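A.B. asks: Mind looking over this structure? Questions follow.
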Amino acid sequence: MIVRDATDDDLAAIVAIFNHAVRHTTAVFSTEEADREGRALWMRVRREAGFPVLVAEDGGGVAGFGSYGAFRAFPGYRLTVEHSVYVAPEAQRRGVGRMLMQALIEHAASAGLHVMVGGIDADNAASLALHRALGFEETGRMPQTAAKFGRWLTLVFMQLRLNDAAPPA
């Protein structure tokens, strides 16, 4: 398995993986599916902002994808990013998510960023455990801040400090 930069040839797989998560999981709190044009725009905007879009490729097919982007729009947050990782259902529990997360962490650290944040459904035990294993710490819980599948969802924020740099002037 390799992790590499996504290309336009990966868009169909990225859309399929994302839409599966929309339809069947609380890994994303959206109920709106993506289309190829929307994901192409998303990928272009991410890249233009200097953010990666990565895929994990297994035997020639895309097994998952991940990215990070701005945490919030204000300049004070410029060294903090929020990540997202999605794994194809048939590739889950095979280390794909971990590989993508590690690649995103390395990219962010190399880019001089300071903190990476993840927003996770409190019931997603596997994602919470993966984040803990990679050094993320839970920093907050926001009960009933989203609704999907006829129930309230609790958002858990986890963060990883990427370096010990002093704050910029």
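The values are calculated or read from the model by the stated rules, or taken from the named source; none is laboratory data. The structure displayed is predicted, hence computed values, not measured ones. Positions of Cβ are generated from backbone atoms using ideal geometry, with glycine treated the same way; all protein chains shown enter the neighbour counts.
A.B. asks: Given the condition at pLDDT 95 or above and either among the aromatic types (F, W, Y) or part of a helix (DSSP H, G or I) (or both), answer yes or no: does some residue in region 79-88 qualify? It would help to see each step written out before you state the result.
C.D. replies: First, pick out the residues of region 79-88 that are at pLDDT 95 or above: 79-88.
Within this subset, residues satisfying the condition of being either among the aromatic types (F, W, Y) or part of a helix (DSSP H, G or I) (or both) are 86.
Yes: region 79-88 contains one or more residues that are at pLDDT 95 or above and either among the aromatic types (F, W, Y) or part of a helix (DSSP H, G or I) (or both).
Residue-by-condition table, conditions (1) of a type in the set (F, W, Y); (2) in contact with a Cys (Cβ under 6 Å, 6 or more places away or on another chain); (3) in a strand (DSSP E or B); (4) on the phi < 0 side of the Ramachandran plot:
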{"residue": "R4", "(1), (2), (3), (4)": "no, no, yes, yes"}
{"residue": "R23", "(1), (2), (3), (4)": "no, no, no, yes"}
{"residue": "A27", "(1), (2), (3), (4)": "no, no, no, yes"}
{"residue": "S30", "(1), (2), (3), (4)": "no, no, no, yes"}
{"residue": "M43", "(1), (2), (3), (4)": "no, no, no, yes"}
{"residue": "R93", "(1), (2), (3), (4)": "no, no, no, no"}
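A.B. asks: Okay, next question. I need a count of the residues in region 58-100 that are touching a residue at least 24 places away in the same chain (Cβ under 8 Å), surrounded by 19 or more Cβ atoms within 10 Å (Cβ to Cβ) and over 26 Å from P168 (Cβ atoms).
C.D. replies: 12
A.B. asks: Quick one: which residue in E37, E33 is among the acidic types (D, E) and surrounded by 13 or more Cβ atoms within 10 Å (Cβ to Cβ)? Break it down into steps so the answer makes sense when it comes.
C.D. replies: On the way: E37 fails: surrounded by 13 or more Cβ atoms within 10 Å (Cβ to Cβ).
The unique qualifying residue is E33.
A.B. asks: Would you check which residues across region 1-15 are touching a residue at least 40 places away in the same chain (Cβ under 8 Å) and either of a type in the set (S, T, Y) or surrounded by 15 or more Cβ atoms within 10 Å (Cβ to Cβ) (or both) and list them? Even if it seems obvious, please write down each step before you answer.
C.D. replies: Going residue by residue through region 1-15, those that are touching a residue at least 40 places away in the same chain (Cβ under 8 Å) are 1-6, 10, 13-14.
Of everything in region 1-15, those that are touching a residue at least 40 places away in the same chain (Cβ under 8 Å) and either of a type in the set (S, T, Y) or surrounded by 15 or more Cβ atoms within 10 Å (Cβ to Cβ) (or both) turn out to be V3, A6, D10, A13, I14.
A.B. asks: Residues of region 96-115 being within 19 Å of A165 (Cβ to Cβ) and either under 10 Å from the mean Cα position of the chain (by Cα) or among the polar types (S, T, N, Q) (or both), which ones?
C.D. replies: First, pick out the residues of region 96-115 that are within 19 Å of A165 (Cβ to Cβ): 104-115.
Hits for region 96-115 are L104, S110.
A.B. asks: Given the options Q144, Q159, name the one that is polar (S, T, N, Q), at pLDDT 95 or above, over 19 Å from R78 (Cβ atoms) and touching a strand residue (DSSP E or B) at 6+ places or on another chain (Cβ under 9 Å). Walk me through how you get there before you give the answer.
C.D. replies: Values: Q159 fails: over 19 Å from R78 (Cβ atoms).
Among Q144, Q159, only Q144 is polar (S, T, N, Q), at pLDDT 95 or above, over 19 Å from R78 (Cβ atoms) and touching a strand residue (DSSP E or B) at 6+ places or on another chain (Cβ under 9 Å).
A.B. asks: Looking only at region 45-57, which residues are out of contact with any Lys or Arg (no Cβ under 8 Å at 6 or more places or on another chain) and either buried (at least 18 other Cβ atoms within 10 Å of the Cβ) or not in a helix (DSSP H, G or I) (or both)?
C.D. replies: Just the residues of region 45-57 that are out of contact with any Lys or Arg (no Cβ under 8 Å at 6 or more places or on another chain), to begin with: 45-51, 56.
Within region 45-57, A49, G50, F51, A56 meet the criteria.
A.B. asks: Grab the strands (runs of 3 or more DSSP E) fully contained in region 99-169, keeping just those with 2 or more residues being acidic (D, E).
C.D. replies: Values: elements: 115-121, 137-148, 151-161.
Those strands (runs of 3 or more DSSP E) span 137-148.
A.B. asks: Then there is this: How many residues are closer than 27 Å to T154 by Cα and either at pLDDT below 95 or of a type in the set (G, A, S) (or both) when one looks only at region 4-30? Write out each step before concluding.
C.D. replies: Our first condition is that a residue be closer than 27 Å to T154 by Cα; within region 4-30, this holds for 14-30.
Filter again for either at pLDDT below 95 or of a type in the set (G, A, S) (or both), leaving 16, 21, 27, 30.
Of the residues in region 4-30, 4 are closer than 27 Å to T154 by Cα and either at pLDDT below 95 or of a type in the set (G, A, S) (or both).
A.B. asks: Mind telling me which of the residues F71, F149 ends up being closer than 27 Å to A12 by Cβ, modelled with pLDDT of 95 or more and either in contact with a Phe, Trp or Tyr (Cβ under 8 Å, 6 or more places away or on another chain) or among the aromatic types (F, W, Y) (or both)? Full working, then the answer.
C.D. replies: Working: F71 fails: closer than 27 Å to A12 by Cβ.
Just a single option satisfies the conditions, and that option is F149.
A.B. asks: Could you run through region 128-167 and say how many residues are more than 28 Å from L113 (Cα to Cα) and surrounded by 15 or more Cβ atoms within 10 Å (Cβ to Cβ)? Walk me through how you get there before you give the answer.
C.D. replies: Filtering region 128-167 for residues more than 28 Å from L113 (Cα to Cα) gives 143-144, 146-153.
If we keep only those that are surrounded by 15 or more Cβ atoms within 10 Å (Cβ to Cβ) too, we end up with 146, 148, 153.
Looking only at that region, the number is 3.
A.B. asks: Another question, if that's okay. Within region 6-17, can one find any residue that is under 13 Å from the mean Cα position of the chain (by Cα) and within 25 Å of R161 (Cβ to Cβ)?
C.D. replies: The initial filter retains those residues of region 6-17 that are under 13 Å from the mean Cα position of the chain (by Cα), namely 14, 17.
Still in the list and also within 25 Å of R161 (Cβ to Cβ): none.
Checked against the condition, which is being under 13 Å from the mean Cα position of the chain (by Cα) and within 25 Å of R161 (Cβ to Cβ), region 6-17 yields no hits at all.
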